[in-house]
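Reviewing the structure listed below.
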Amino acid sequence: MSLWREALLVAGKDLRIEARSRVTLYQILPFGAVVVLLFAFALDPSRGVLPRVAPGLFWVAVLLAALLAVSRSFTVETENAARDALRLSGLDGSAVFLGKAGAIVAELVVLEVVLGAGVAFLYDVELRSLGLLLATAVAATAGIAATGTLYGVLAAGLRVRETLVPVLLLPVVAPVMLGATRAWEAGLRTTPSEGWPWVALLALFAVLYTTIGMLAFGPLLEEA
Amino acid sequence: MPLVVRLRSAVCLLGRFPALAGVDLDVEAGEVVLLSGANGSGKTTLLRLLAGLHRLHGGTAEVLGHDLAVDRRGARRAISLLGHETGCYDDLTVRENLRFAARAAGRDAAASDATLERVGLVGQADVVHGRLSAGQRRRLALAVALARDPQLLLLDEPHAGLDAAGRAVLDGVVASSPAEGRTVLLASHELDRTRALAHREVVLSGGVAHATKDFGVVAPPISRTSDAKTEEEEDEEEVHA
């Protein structure tokens, strides 16, 4: 079986589990929405603060929700010793990485669509320069999913997994936060030309961590 | 007959504890070998070492021609391990778990459905793993192991949690394994039952294989590359049946 077929098999499995357990729908999505809502309450909308900080708040909400998605992706592998079965399956480590990261991307895309609509409504933001916003979302989501999957497997066998993943992951994805926020700020100000260099940075980050993940995931899964 | 497993002074550490402290073991193709011994004697560790789930810390170990010291993953597609847990996903149905395992091992997903019938889970095919009883989960784990069509089947306390019918199914699978081209290593405390299935018993104690008892002649395994059986092979199958 080719690398991509194996990756699709893993992604299909993870997405089927999520579709049936509805953790994304009932826990991760509401969590992201609550974060966005709390920021709206915490900051004073009457002074026009929210539209200015909307990009940063959106990506903070996505990132926090992504932590849950990453954690969930590896929790399902700890139940019933499924991780041992995954190791024994004969699937290529790179394919497992791509499959798990792909499933996280799919979940985050759904999350971003809902949160994006929420931000536009609650923060009174007009979504202009859609091309830039979408390109930013694609690159940033791929970067978050790749790093999340890599650090997720790093902590997979540890009892402190739930608390360790955020500690490891948040500093690493700080460039994604920065780049995505700057690109979205440029997009919302209708100065998209200022945003594209940040998209390039985000794409580079995503490619770099996808490559590292494909190389390192298999050995890390063996030691998890 | 070709060796499926070849261990020489194999050492496996769990932390600093030598769970296997120098095991010598040869297993020929088509053999059913019973591993016995007290709790903590190293049976589970030995099975997990052979599956490549534990690292080899000393000695030599070859499984299906793959040297475990340098390549723990090479033989995995040809191995199934039925351990204490099922390795299945709670939110996937019986059929979905089975098909995922079969496809991951490069087997035909549709053909894997036949194993459902074999283990008596056809009626539960669309039930999620999380809603199965303990015995049904064990049957599913056995079905998953078989759906991978392994050359080497590793069974760790396989009768645990099974009812009488499930035990009979399992015994049938083990008994028919040589004829189906499978080699079986079976760790169990239910010695009366499993001795009747095994060609040979290896007693483990303190992480060392101490004694071997032969129960019978090993039938040559049926070649996986040939569907045709010789008269001699069919005669031997009948004798073992």
Hits in segment B:86-98 (condition: within 7 Å of chain A (Cβ to nearest Cβ) and either crowded, with 23+ Cβ neighbours inside 10 Å or without any contact (Cβ under 8 Å) to a residue 40 or more places away in the chain (or both)): B:86, B:87, B:88, B:89, B:91, B:92, B:96
Quick test for you: out of A:69, A:85, A:95, pick the one residue that is on the phi < 0 side of the Ramachandran plot, of a type in the set (Gly, Ala, Ser) and more than 12 Å from chain B (Cβ to nearest Cβ). A:69
Would it be correct to say that residue B:45 is within 14 Å of chain A (Cβ to nearest Cβ), at pLDDT 95 or above and in contact with a Cys (Cβ under 8 Å, 6 or more places away or on another chain)? yes
All helices (runs of 4 or more DSSP H) inside segment A:72-186 with 1 or more residues being of a type in the set (Ser, Thr, Tyr), farther than 30 Å from residue A:51 by Cβ and modelled with pLDDT of 95 or more: A:93-122, A:130-154
Could you check segment B:1-75 for strands (runs of 3 or more DSSP E) lying wholly inside it with 1 or more residues that are of a type in the set (Lys, Arg) and in contact (Cβ under 8 Å) with a residue 12 or more places away in the chain? B:3-14
In segment A:22-30, is there at least one residue being buried (at least 23 other Cβ atoms within 10 Å of the Cβ), closer than 27 Å to residue A:192 by Cβ and more than 14 Å from chain B (Cβ to nearest Cβ)? no
Number of the condition not met by residue A:191 [criteria: (1) under 13 Å from the mean Cα position of the chain (by Cα); (2) free of Cβ contacts under 8 Å to residues at least 40 places away in the same chain]: (1)
Which one of these does residue A:65 not meet: (1) surrounded by fewer than 17 Cβ atoms within 10 Å (Cβ to Cβ); (2) touching a Gly at 6+ places or on another chain (Cβ under 8 Å)? (1)
Restricting to segment A:1-17, what's the tally of residues that are touching a residue at least 40 places away in the same chain (Cβ under 8 Å) and within 8 Å of chain B (Cβ to nearest Cβ)? 4
I'd like the full set of residues that are over 14 Å from residue A:88 (Cα atoms) and of a type in the set (A, V, I, L, M, F, W, C), limited to segment B:28-62. B:29, B:32, B:33, B:34, B:35, B:38, B:46, B:56, B:61
With a cut-off of at least 2 residues that are within 13 Å of chain A (Cβ to nearest Cβ), name the strands (runs of 3 or more DSSP E) lying wholly within segment B:99-218. B:152-156
Candidate set: segment B:1-30, residues that are surrounded by fewer than 16 Cβ atoms within 10 Å (Cβ to Cβ) and among the charged types (D, E, K, R); chosen: the one modelled with the lowest pLDDT: B:16
What's the number of the only condition in (1) crowded, with 21+ Cβ neighbours inside 10 Å; (2) within 20 Å of the chain's Cα centre (by Cα); (3) farther than 27 Å from residue B:27 by Cβ; (4) among the acidic types (Asp, Glu) that residue B:113 fails to meet? (1)
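The values are calculated or read from the model by the stated rules, or taken from the named source; none is laboratory data. Keep in mind that this is a model prediction, so the values were computed, not measured. Don't worry about glycine lacking a Cβ; one is built from the backbone with ideal geometry, like all the others, and counts go over all protein chains shown.
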